[in-house]
Structure formats: C-alpha cells, structure tokens
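The values are calculated or read from the model by the stated rules, or taken from the named source; none is laboratory data. The structure displayed is predicted, hence computed values, not measured ones. Ideal geometry is used to build each Cβ from the backbone, glycine not excepted, and the neighbour counts take in all protein chains shown. Surface accessibility is based on the protein's heavy atoms, side chains included, excluding ligands, DNA and RNA. Shrake-Rupley method; radii C 1.70, N 1.55, O 1.52, S 1.80 Å.
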Amino acid sequence: MEVAVPAVELVNYAGRPAKRHLGYLFHHRRNVDDLRLKVERELLSLEADVRTKVELARSRGEVIRQVVDGWLNKVETTRTETSALHDGAVEITTCFQGWFFARYRLGKKAKRKTDFVVELLKEGENLINNPISNLAPIPSIPVQHFDAFASRHSTKHQIIKALENDQNFIVGVYGMPGVGKTTLMKELRELVEDIKSFDMVVMATISQKPDLKAIQTEIAEKLGMELKENSITARAERLWARLEQESKILVILDDLWEEVELAKLGIIRYRKGCKVVITTRNLDICNSMNTQENIEVQVLSEKDSWELFRQNAGECIDSDALHVVAKEVVNECKGLPLAIVTLGKALKNKKFGIWVDASRQLKKSSFEGMSPVITSIKYSYDNLETNESRLCFLFCCLFPEDHKITNDDLLGYVTGEEIFGDVETLEEMRGRLDAVIDKLLSSSLLLRGDADSGYVMMHDIVRDVGISIGSEESNGFIVKSNMGMTQWPKMKNVGACMRLSLMKNEISNLPGQPECPQLLTLSLANNEPLENIPDRFFDHMERLMNLNLTRTGISSLPKTLPLATNLRTLYLDNCYWLQNVSLIGKLSKLEILSIQNSGIRSLPVEIRGLTNLKLLNLSDNLDLKIIPPNVISSFSCLEELDMSNSFNDWEIEGMEDGSKASLMELVSLTSLTSLHLDTKHSRWSSLDIPFCWEQLTKFNINIGTKNYGSKYLRNLFIKINTETIADWVKVVFEITDELRLLDCKYLKNVIPLLGRGFNRLKFLRFYSCKKMEYVMLVEEIGMQTIFIGLEYLELSFFAWIEGNLRRATSKRVSRKVDFPLCRYVSWVVGLEEGHASNILSGLREIHLLELSITKIWNGVIPLGSLQNLKEVVIEMCRSLRYLFSMAMAQQLQGLEELRIRDCQRMVKIISLEDQLEFVPNNITSLPRTPVFFNLRKLEIRYCYSVKCLLPIRIAQGLVQLEELNVSRCDKMEEVIEECQEQDEEQEEDIMTMLPRLRWNAKTKVPSHDYNPSSCFW
C-alpha cells in the first residue's frame, strides 16, 4: 500500500535526522504557508526593487547583465511553482488513498523550495548592491560622405585590402593637415560595419598630447563598458580582456602625433582577429609604430574639388557671373577638403565683390607661403558678421584639444566680459549664445557633437589657427592648456594678456604677484596638484571678470581675492578640500557663482552681499547641512538656483528654531526662472508657498523624496502623506513634464490633483500609493482633454491586501500601458459608446501582470483606436480564458510581438464568440482581413489549459512570423488547430503558410513529438 512508503523511507533515514522528515509530513501546510509568505513578502518585494533598477538602467540606454535576467526568470518560475504547491495543499483536505505520502512529498518540496528562495534572496541582495548593467556601445555618428569622389573610393579600397591581409596587424594612414583623414576614417568605420568584415569597430582620438586614461575611457565607452580602475595598467588589462571577447574587431586610432604604446591602451599586438588603423600627418610616426602597410591620403582631384565646393557654396558657382572667380577660389584650395568646405560655406550667398576679394586674399596668402587650409580658416573668421561671433570662437579655443564644449562652458565667459552688452537676463544670454554657436557651426569653424548631446567641438587645425589669431595683441589670448606644465609659464607681453587659459596641466605653484593688469579671464581649471594660491596673487588683477578654479586642490581662498572687484563669474566646482568661502561675500559684482561637489558644510552669512547674483549652483554638496535664514532671499536678482543633491533640510516656519533657511524665502526671488532643489520634509506639499511658479521655465523639485533625475525640463517628484494638497503643488502639476507621486497615503485617483488639467504632462509615475483605486475614468474627467500629451504612465506600489503583500508596477498610456497585480479588476479598459473616439491611438505597448480580468476591453472600441499597438505582454492573468475576441484581433494589424505567460485558465488566444462585441453600432459587419498580419514573435509559456494555440484560419495570416516559443503548456495537443473541412490538397499547401519562421535553437515548441515540417505538429 502507498501509505507504507513514507514509513519505509523514514526507517531508511534512521542514520539521518528523522525529525526533519517527520516535519515534512506533519507540518506540510505550515511549510507551504511559510514558503508563500516568504515569496510574497520578501522575494516579490526584492524583485520589484531589482526591476526598478533594471528600468532605470534601460532608461539610461544601458545593457542589462545576463545574470540579472537569469535571476528574474528564476523568480518567475519560483512564483509559479509556489502557486502550484499552494493549490496542492488546498486539495489535500481528506484522507484519500495516498494522502499520507502526498503530505510528506508536499511538505518536503515546500521546505526545499523555501531554502531555494533564501538563496534567491541572497542573490537578489547582491544584485541590488552591485551594478546590474553595462554601458551600451555608443552608436556611430553619421558623417558627410565623399563616396562619389573617385579619389576617396580608391583610398578606402586600398585600406580594406590592407586589412584583409592576414599578415597585417597595423595599417598606417597618413596625409597633410586638412586632407580629410578623420572623415575618411569615419566613412571606413561605416563601410566595414555595413559589409560585416568586422564584428565591431572602435574609433578613438589620440591628439597632440596623448592622455592615456582619456583614450582608454573613449575606447571603453565605444565598447559599452566602464573603467573604474585608476592605474593605467589595470585599465589596460580590463580593456584587453574585453577586446578578447570579440572574434574580429577593428580599432581606429585617429590623429597620432607621436608613438603610442598599444599595450598601455590594452591592445595586444598580433592578436588574431584584432586589427589597428592609425592616422597621422607624418609618415615617420607610421614607421615608429611598426606599421606593416602605409597608405597616403591624397588631395582631391580637380573634378572632385569642384563638386565638393558646389555642395557647400551652392549651384550659383555654375553661373556665368561666378564661374571664373569660383574656379580661382577652388584652385587656391589645392584639393584640401577642409579648405574647400570652409570657404564654400563662407562664400555661400555672398555678392560678387566678396568673391573677388576672397580670390585676391587667397592668392596673396599662397604667394606668402601660407597653407590654403589656414588661409581658408582665417578668411572664415574674418568674415564672421559680428565681433560677438569672433570672440565666442576664440573663447572656444581656450579649452583643451578635443574638449566637448557646452553652452554652460561658454556662458560664464560671455557673461563675465559682457559680450552681449544689451542682454539683461541669462535666458536671453543663452539664446544669443545658441545663435552664435549655430553661426559658427554653419561656417565649419565648429563641429557638431553626438546627436542631442548639446556640445560642440573644434577641429584641431581650426583650434590651432584660432589660438594663433587670438595671440595677436589686439585680442590678448594666451592658450597653454594641456601642455603638461608644472609651473607658471614664462610669457612674452604678459602685461598685454587679457585672456589666459592654463587648463588641464599639472601646475602646483603660482607666482606671488603676477603682473597681469589687463587680465579679464583666467582659467586654472583641472590643475589638481595646485593646493595653494599665494595671498598676494590677485594684487594686480583689478580688471579680472572671469575666474575658473574648478578641480584644483585648494583648501582656502587667497586673502586678496576681494581685490578683484570687477569679478562677475567664479567657478569652484570639484574643489573637494575647500570649506570656507566667506571671502566671496565681498565680490559684490558677482553674477555667476558655481560651487558644485565641494567640501563646504555651511553657507556663510557673508554671501548675503551678492545682491547682483543671477546664477547660484550648489548642487552635489552632500556635506552642506546649514544655510542660515535670509541668505537665499537676499539674492533678489537670482534667475537660476540649483541645489539638487545638496542641502535639503528646509525649515517649516513656526515649527523649528529658525536656524536654517525656509522655502518661503523663494517668495523674494521674483526673477527666478530655473529651480532645482530637494527637501526631506514632505509636509511642504500641504503648505502654501506664495511664489509665482508659472514663471519657471525649468525645474526639478523633490519633496520628501530623492532626486531621480530626468530627461525633461520640468519635473516634480513629491511625497503626499496628508489629505490636503497645497495650491502651489496643483499649479506645478499644470506646468510639469514629469510627475512622480510617492507614498500618497490618501490618494484614490488623480481627481484631487486636478487644477486646470495635466495638459503638459508627458510622464506620470505612482509609487506606493496604497489606497489607489484607479487613475481615471473617461466618463468622470474626459480622457480626450486630460493627459492629452501623456506618453508614459506607471503604477508601482506595494499594498497589503488580506495580509499579503501585492505589487503593482508600470502602467503606461499613449506609448506603453502596464496594469500589473491589480487583482480585483474585471477588465482593463471600459468605454460606453459615444464617450470618445480613436481611444489610445498612440498606444504602442500593453503589459498586463497578475490581473483577475476576464476581458481586456469591455464595451465598444472605436475603429482605429489600437492601430499603433506593437507589443502585448500578458502575465499571471489567471482568470482570463480568451485573450482577444475575433473583432478586437482584427484591429491589431500593427501587432509585432505577443507574449503570454502563466495564464492558467486560458483556453485559446482568440475567441470566435461575440464577433461584434467591439464594433460600434454603425458598423454592421467586419472585413475578413488577415489577423496578426505583422506579427513577428509569438511566445506562450506556463499556460496549462491551452490545447491549441491558433486555428488554421488565423495561422494562414502569420506570414511575417519569425520566432515561435511554446513551453510548459502541458495540455497542448496541437499548435495549429486542423480544420475538419480541409482536404488533402489544402493540407499540403499549409506547409508554406509560415515562410519566415526560423527553425533554430530559439524556436521552441512543447516537449511532444512534433514534426517541424508539419503545421499540425
């Protein structure tokens, strides 16, 4: 008898702790309950944290590590198996045959599964405390092509042929400045990526003074990895290990000026599958690098030069009036692309007289022996329409070679020297600066950075020419950035110097009293060894307007700093040892003050004297704990205030001792347009702050929660734990782009938050709003007028329901909608006819997780409402018997991916009943169009009641299906249901119904004896 089996087993275990095995038998229900609670209270909570971390990483474009996906899959399987064990425990209620053995087996499985959950929890904690993702490889920037030029096509063919030679490891590419080596390398990168001759191509810029760490970082970013090591050797070893993972990789090192040891970069010579291309101006550099083959980049032919010039100057050069003089200009460019492009853009749409003058100047420069490239750059500079543009160009030359220059980098210089004299506000200043940068870009004096990156760069030749122009006495620029200097440089005519850049050197000592009476701008940024500035250093700098001491090692400010009475901008970012900044209070003309990520612990009361301050940046000062009262309010001209990740202990008036600043001080800042701040006191959400919030054009406000960061300009992250919501909060709701609501204990829906609506809102996320019942009802608020621009809606919270922890995450509207773990929802969308039309027409993804729904849509769905739906994911909806009605399925013509998991009661994907359920009254019949015509991926897992996946009538329309995954569907008898009326001739033709389906390791079907060559499997 079966009843004796456990007893025998217990005897066999006599040498082991019998108590444990008896426990399996007598405590089987407790073991199951312990397992269920451990899963629901601990594992699912940890899973939510991991998924949140994953979502944030993906939003930053990072690649999730495989171990993380593996852990999440194990959690999913554990959740399913725990549910099955719980159902099994419920069934064991009477003494049926085998009852004794069933209890023992159930208790044993539950106990072992609990031990497994403990291990999962340890793994999950490890994931929470360590990086879960890697940086995604940076995509290549599209580049202007010279493919039509025969001279360039021949050169690229030579390089490709050299790379195909197994005997070659390093190929050298050399040519004179401005001949187009960098552009050629970008084209080469795109070409080898297209023809798949290499699995990966990495390109890095070396520059005149090689910075090995910077080069390593650039290579790592292109490979999608992050280097945290400090030593060159350790970083090289990590890079080498990463390069080893690629079977065929091409590394392009652009613009070498001297020999570079490849091993220090992590590139091992003659490794099979790895090739290197270097570019340089000098053939001797190729020889010193032991290149196996060298290829010279020649100047463009006369025909190609003319065509490139036409592309940039316009077809007007073919006119009778300009043709002759245009030919003269092109001839003087000597076939150099940089000169041709620069002059073409400079002369575009100019009058005939200007063309003649340009030709005359070029001929004169050529006679004097000046390079045509230099001549073309000087000509473009001279022909900039305003002095503002010329000065901004020269300011760009202050930065080190290949520096990524942002609007903020230049803002201080143009503000300090009052370049735009008639501009009063910073907002106007930024606008004028953007316009000038656009002009410099259109003149090819600046290069555009990555798409949407917000930065620009300078070609090294353009920068060199700019430095030469700036050194003329009338301009007064001296640029010695990234020169490896350890001491203050010896300079001629230092008394005439007006702008001095010593950025990114190793200077440790400064002169006691430098004679720089004309100095307007001084940058000592990124001289980390500089720990002390002599007290008399600023004795003779009365005219100084801009001072940048960013990332220096200073721990105090010199006593003579207040003598710089005209100082308007001061940057002390990343001065980690600096604590006392009280001297700044005497700089009464200061307009921009930036002290990011420093060592300051309190803001001195002395800075109340900065009444002209327009921008104050105190972000990332984690040690800043005290701001005295009435300091912030004294900055009556302040336009931009950034205190994100910094001081957050803003006092509530009347409730504390008045020793710290209060948010009420914002009321005095009537010019404020940009605000970034955090406060740990969530009660501010219920207190009135009579500030004119509508005037803010940019903000990131965090009330009672941490700063999450955002890609949007206007963001509010807020914790509301009172029933009263202040009017200022509702006003901010109306103008915000991204809104995150955290731990809103009394919030049941969005109606209490409504002022005039959320018409600007693009991103809405709820966290831990435990009493949330629904977001909105169309009938209550009119979905067509509320959330009109919403792109993302997410619900993520933990709510105690009947003593169990339930999790809900991610609801998205317009682009993606997730409805997870709302257990008591009967359907997802409900709509009465006539309330709205074309609902959710922008919807691209639907995710439904652990719902008690019996239908996805209840009521009428207007035609065209789901026309852009691309992806549907259904998980743990255990009351759902059918996913779609036929009528709804026929509207999903754009659907590309369908995933169904753990829907235990689902019988079929499509119900052939209720044909007209979703059809408006004025539509009498449905067209017999193919269903899921664009479906490319279909996955169904853990659906134990499904016997057939799709009827043959539907399967015949899956002409785009590429991937099919069916697993753990134990009752499935056939993937495609055979039609009884079908004759043998039709059956033979069915084998071709899925022409795109790839039969490989990724295509999985149930573990029955199915034949892939038959559609009935």
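Quick grid of which residues meet (1) assigned to a helix (DSSP H, G or I); (2) touching a residue at least 12 places away in the same chain (Cβ under 8 Å); (3) out of contact with any helix residue (DSSP H, G or I) (no Cβ under 9 Å at 6 or more places or on another chain):
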site: Glu424; (1), (2), (3): no, no, yes
site: Gly431; (1), (2), (3): yes, no, yes
site: Asp438; (1), (2), (3): yes, no, yes
site: Leu441; (1), (2), (3): yes, yes, yes
site: Ile461; (1), (2), (3): yes, yes, no
site: Gly466; (1), (2), (3): yes, yes, no
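Scanning segment 201-218 for residues that are part of a strand (DSSP E or B) and open to solvent by 40 Å² or more (accessible area, probe 1.4 Å) returns a single hit, Thr205.
Of all the criteria given as (1) closer than 30 Å to Glu81 by Cα; (2) at pLDDT 85 or above; (3) not acidic (Asp, Glu), the one not satisfied by Val975 is (2). With respect to the stated conditions, Thr670 is in contact with a Cys (Cβ under 9 Å, 6 or more places away or on another chain) and either free of Cβ contacts under 8 Å to residues at least 60 places away in the same chain or part of a loop (DSSP other than H, G, I, E, B) (or both).
Take the residues of segment 929-944 that are hydroxyl-bearing (Ser, Thr, Tyr) and in contact with an Asp or Glu (Cβ under 9 Å, 6 or more places away or on another chain): which is farthest from Arg901 (Cα to Cα)?
Step by step, filter segment 929-944, then rank; the result is Tyr944.
Does Ile340 count as of a type in the set (A, V, I, L, M), under 15 Å from Thr183 (Cβ atoms) and out of contact with any Pro (no Cβ under 6 Å at 6 or more places or on another chain)? Against the criterion (of a type in the set (A, V, I, L, M), under 15 Å from Thr183 (Cβ atoms) and out of contact with any Pro (no Cβ under 6 Å at 6 or more places or on another chain)), Ile340 qualifies. Residues in segment 303-349 that are of a type in the set (S, T, N, Q), over 38 Å from the mean Cα position of the chain (by Cα) and either more than 22 Å from Arg152 (Cβ to Cβ) or open to solvent by 20 Å² or more (accessible area, probe 1.4 Å) (or both): Ser319, Asn331, Asn349. Taking segment 599-646, which residues are of a type in the set (Asp, Glu), in a loop (DSSP other than H, G, I, E, B) and under 21 Å from Gly704 (Cα atoms)? The answer is Asp620, Asp623.
For segment 669-688, filtering for residues that are β-branched (Val, Ile, Thr) and either buried (at least 17 other Cβ atoms within 10 Å of the Cβ) or at pLDDT 95 or above (or both) leaves 2. Somewhere in segment 720-737, is a residue over 20 Å from Arg760 (Cβ atoms) and crowded, with 18+ Cβ neighbours inside 10 Å? No, segment 720-737 contains no residue that is over 20 Å from Arg760 (Cβ atoms) and crowded, with 18+ Cβ neighbours inside 10 Å. Would you confirm whether or not segment 620-635 contains a residue that is open to solvent by less than 30 Å² (accessible area, probe 1.4 Å) and within 23 Å of Tyr413 (Cα to Cα)? Yes, there is a match, as at least one residue in segment 620-635 is open to solvent by less than 30 Å² (accessible area, probe 1.4 Å) and within 23 Å of Tyr413 (Cα to Cα). The residues in segment 460-478 that are farther than 14 Å from Ile377 by Cβ, modelled with pLDDT of 85 or more, open to solvent by 50 Å² or more (accessible area, probe 1.4 Å) and not acidic (Asp, Glu) can be counted, and the count is 1. Only residues that are within 16 Å of Leu557 (Cα to Cα) and either touching a His at 6+ places or on another chain (Cβ under 6 Å) or open to solvent by 30 Å² or more (accessible area, probe 1.4 Å) (or both): list them for segment 575-595, please. Residues satisfying the conditions are Tyr576, Trp577, Gln579, Asn580, Ser582, Leu583, Lys586.
Taking the criterion of being out of contact with any Ser or Thr (no Cβ under 9 Å at 6 or more places or on another chain), at pLDDT 90 or above and part of a strand (DSSP E or B), would at least one residue in segment 704-718 satisfy it? Scanning segment 704-718 turns up no residue that is out of contact with any Ser or Thr (no Cβ under 9 Å at 6 or more places or on another chain), at pLDDT 90 or above and part of a strand (DSSP E or B). Only one of the numbered conditions (1) more than 25 Å from the chain's Cα centre (by Cα); (2) over 30 Å from Arg463 (Cα atoms); (3) not charged (D, E, K, R) is not met by Leu243, and that is (1). With respect to the conditions (1) in a strand (DSSP E or B); (2) touching a Pro at 6+ places or on another chain (Cβ under 7 Å); (3) not small (Gly, Ala, Ser), Asn700 lacks only one, and its number is (2).
Taking the criterion of being closer than 11 Å to Ala346 by Cα, surrounded by 23 or more Cβ atoms within 10 Å (Cβ to Cβ) and among the aliphatic types (A, V, I, L, M), the only residue of segment 371-392 that qualifies is Ile377. For Asp649, state whether it is under 21 Å from Leu741 (Cβ atoms), modelled with pLDDT of 90 or more, open to solvent by less than 50 Å² (accessible area, probe 1.4 Å) and among the acidic types (Asp, Glu). Considered against the rule, which asks whether it is under 21 Å from Leu741 (Cβ atoms), modelled with pLDDT of 90 or more, open to solvent by less than 50 Å² (accessible area, probe 1.4 Å) and among the acidic types (Asp, Glu), Asp649 comes out as no.
Note on segment 636-657: residues that are within 27 Å of the chain's Cα centre (by Cα) and farther than 25 Å from Leu411 by Cβ amount to 1.
Quick check on Leu250: is it part of a helix (DSSP H, G or I) and crowded, with 19+ Cβ neighbours inside 10 Å? Can you show your working first?
Details: part of a helix (DSSP H, G or I): no; crowded, with 19+ Cβ neighbours inside 10 Å: yes.
The answer is no for Leu250.
Applying the set (1) at pLDDT below 85; (2) open to solvent by less than 60 Å² (accessible area, probe 1.4 Å); (3) under 15 Å from Leu958 (Cβ atoms) to Tyr942 leaves exactly one unmet item: (3). For the condition surrounded by 15 or more Cβ atoms within 10 Å (Cβ to Cβ), modelled with pLDDT under 50 and not charged (D, E, K, R), Ile990 qualifies.
One line per residue, one yes/no per condition, for (1) open to solvent by 60 Å² or more (accessible area, probe 1.4 Å); (2) within 23 Å of Asp211 (Cβ to Cβ); (3) at pLDDT 95 or above; (4) assigned by the TED database to the domain that holds His403:
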position: Tyr455; (1), (2), (3), (4): no, yes, no, yes
position: Met458; (1), (2), (3), (4): no, yes, no, yes
position: Gly484; (1), (2), (3), (4): no, yes, no, no
position: Gln487; (1), (2), (3), (4): yes, yes, no, no
position: Leu502; (1), (2), (3), (4): no, yes, yes, no
position: Thr521; (1), (2), (3), (4): no, no, yes, no
position: Ala525; (1), (2), (3), (4): no, yes, yes, no
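From the set of residues in segment 422-446 that are surrounded by fewer than 16 Cβ atoms within 10 Å (Cβ to Cβ) and modelled with pLDDT under 90, which is nearest to Ile405 (Cα to Cα)? The selected residue is Leu441.
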